[in-house]
Amino acid sequence: MKNIKLTKGFGLVEIIVAVGIWVIFASVGVVSTLGSLRLNRLGGEQTEASLLASEGIDAVHSIRKQGWASPFLATNCTAGCGLTQTSGVWAFSGSSNLIDNLTRKVFVTQAQRNVSGDIVDSGGTADSDTYKVVSEVSWSRGTPPITNTVQLTSYLTNFTKAIVTGMTGGFLVYGDGTTTPKYRTYDRSANTYSAEQNGVVGAAGRSWQMRTSPTKTEAVAGYITSGGVLQIMCFDGSTWTNDWSVTVGGTGTTSRFDIAYETNSGDAIVLYSTNTGTTNELAYRTKLGSNNCGAANWGAATNLDPVRTTGIVHWVKMAWDARSSSNLITAIWADANSDLSAMVWSGTAWGNEPAAALTTTLEVVAAAQDVDDFDVAYESLSGDVMVMYALAVGANGTNGVRYSTCTGGTSSCTWSATLTPPTLIDDATSMDISSNPNSDEIIFASIGNAGSDMQRCYWSGTAFTCAANVDTSCATPVAGSKLIATGWLINGATNRSIIVYNDSAATNVGWYACTTSTCTVQTDWVPTPTFNATQRWYRIEMDPIRKDQFMFLISANTTSFYAKRLAMTAVPAYTWTNSDGGAALETTLPQITNNPFAFAYWRSQ
């Protein structure tokens, strides 16, 4: 018999065991695969969330670069903000952003520092120049839902905060014939100017104007080139920027623009000639007080169409209401037809032009509006407006001075008819007015080119008291010149108005000190160096902080200019000093007539 070998198969038990083992291994594989998928998904979500959070930080940095005060701090993001982007510009929008299933919020809160100056989470002192930025992205998944969060943190500082906030004083700008404007800071305590510094490259500036903000350390300055282009610059306390430019016409020998700040809001406005006649002879641009320097922070140009003037505007002047609650500004302008008109800025719009031109026969030296022979000022307490101007009928022996007021202290103030101050008997080719910062008093003084006579007036707030032929041998005004300036000194209860003028061919400082309408000639002060007999532009800027002193600036000696300070004690006693150190601040001015420099005290200190 053959031996038969039997091969056994899998029994039921073995099959069950094998299937069980396979299930276990399969389950492990599935679990492992699913875990990997979940990890991959979570990793992808975390990556996307990290990118979105990083983008949030970058966006806030971009917003900060648009301005520290606005828009960076204009929106309250302590509870979280969303972000939006328009034409490549980031801005805060809403309370959050939903991207796919991810929610992003950015939080901007004021940082705190301990006594050592280190940043702490709590218990420190708030630092208004440092903000903590948190960009948070969150999302939920699963059942029950699990919330995941990615957070990134950054700190932003006010890195452009003014470097001059600790310095009490002022600011001086001018041209030297190059395409780089120059500037100097003025230290009130030391009564000295800094070394000359370069501004931002632009063009050769001829006719200058500058104002400082009443709410922060900021200055807006402008100049006109020989080609008739107006360049507006802005200084934030550390850096100059060229914000915008526009053609205003002329060659820089007349002042076809002016700058002013609203007292309450700190908004800036530039009013300028459009170099066109008949319609829209003027235009203006504004910048909010909450905005910093920079082209993007200015409003668009808006045309202004005066009714009372139709010629090309050659001269523009503005004065602001000094009352702390006011945003009023009054502008006056003269056109190529020798017409003079005015408007009042309400804080939002220009209006209230007089029912007729203030005059249609302004005085000139040789050609239409070749001289600065009109001025505007606010009474400091009432908010009433005073405009004074010279008529072509003025002559040696004929009173050419006129004035108009706008009373009421509002944008709808009431314009008077053309009025004539009493007693005066001469023309007023060079003239200047200024307001007592503590009262409604105004001082006026002028020199006429017909007889080279000086005359003056004192406004009490209700009426003029005037005197003619105060000096009958003054220097003769020429086109583009201004040979007289006025100002006020206040020390306690002692108030004096001051008149500084070019006394014939004198190389010293000729001046009067006045108590109300009584003026006393003072001994000429001998500056260092003495001035050249050819003097062309006088300017007084009163110190809004130290009212017992002012700065007198003068162009002389061909292409040079100087700065001198007058201070008064309560006695009173007067002291002149050479703030320029006894040397010209510049010796290569492009011109010495019509605002060849601009000086302003800081108003926000």
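Brief remarks on what is shown
- Where strands (runs of 3 or more DSSP E) fall wholly inside region 269-342, the ranges with 2 or more residues that are aliphatic (A, V, I, L, M) and in the same structural domain as Ala417 (by TED's automatic domain parsing) are 282-287, 313-320, 329-335.
- Residue check, Asn436 among the polar types (S, T, N, Q), farther than 24 Å from Met318 by Cβ and modelled with pLDDT of 95 or more: no
- Candidates in region 495-524 are the residues that are more than 18 Å from Pro477 (Cβ to Cβ) and under 32 Å from the mean Cα position of the chain (by Cα); of these, the one that is surrounded by the fewest Cβ atoms within 10 Å (Cβ to Cβ) is Asn495.
- Residue within region 480-489 that is surrounded by fewer than 19 Cβ atoms within 10 Å (Cβ to Cβ) and in the same structural domain as Val385 (by TED's automatic domain parsing) present: no
- Region 456-505: number of residues that are β-branched (Val, Ile, Thr) and within 17 Å of Thr420 (Cα to Cα): 2
- Boolean, Asp384 is in contact with a strand residue (DSSP E or B) (Cβ under 7 Å, 6 or more places away or on another chain) and modelled with pLDDT under 95: no
- Unmet criterion (only one of (1) at pLDDT below 95; (2) within 29 Å of Phe171 (Cα to Cα); (3) polar (S, T, N, Q)) for Ser504: (2)
- Qualifying positions in region 232-257 - in contact with a Leu (Cβ under 6 Å, 6 or more places away or on another chain) and surrounded by 21 or more Cβ atoms within 10 Å (Cβ to Cβ): Val248, Phe257
- Residue that is small (Gly, Ala, Ser), closer than 21 Å to Tyr223 by Cβ, surrounded by 22 or more Cβ atoms within 10 Å (Cβ to Cβ) and in contact with a Phe, Trp or Tyr (Cβ under 8 Å, 6 or more places away or on another chain), where the choices are Ala295, Ala301, Ala334: Ala334
- Cβ separations smaller than 6 Å between residues 6+ apart or across chains give the following pairs from region 348-377 residues that are assigned by TED's automatic domain parsing to the domain that holds Thr302 and modelled with pLDDT under 95 to residues that are in a strand (DSSP E or B) and buried (at least 22 other Cβ atoms within 10 Å of the Cβ): Gln369/His314; Gln369/Trp315; Gln369/Ala334; Asp372/Lys482.
- Among residues of region 525-544 being aromatic (Phe, Trp, Tyr) and outside any loop (DSSP other than H, G, I, E, B), the one that is surrounded by the fewest Cβ atoms within 10 Å (Cβ to Cβ) is Trp525.
Per-residue answers, yes or no, for (1) part of a strand (DSSP E or B); (2) closer than 20 Å to Thr185 by Cβ; (3) modelled with pLDDT of 95 or more:
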| site | (1), (2), (3) |
| --- | --- |
| Phe552 | yes, yes, yes |
| Ser555 | yes, no, yes |
| Phe561 | yes, yes, yes |
| Arg565 | yes, yes, yes |
| Pro572 | no, no, yes |
| Thr575 | yes, no, yes |
| Gly582 | no, yes, yes |
| Leu589 | no, yes, yes |
| Phe599 | yes, yes, yes |
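- Residue in region 302-312 that is touching a strand residue (DSSP E or B) at 6+ places or on another chain (Cβ under 9 Å), within 28 Å of Lys182 (Cα to Cα), among the hydrophobic types (A, V, I, L, M, F, W, C) and modelled with pLDDT of 95 or more present: no
The values are calculated or read from the model by the stated rules, or taken from the named source; none is laboratory data. These numbers were taken from a predicted model, which means no experiment stands behind them. Glycine also receives a Cβ, built like all others from the backbone with ideal geometry; neighbour counts cover every protein chain displayed.
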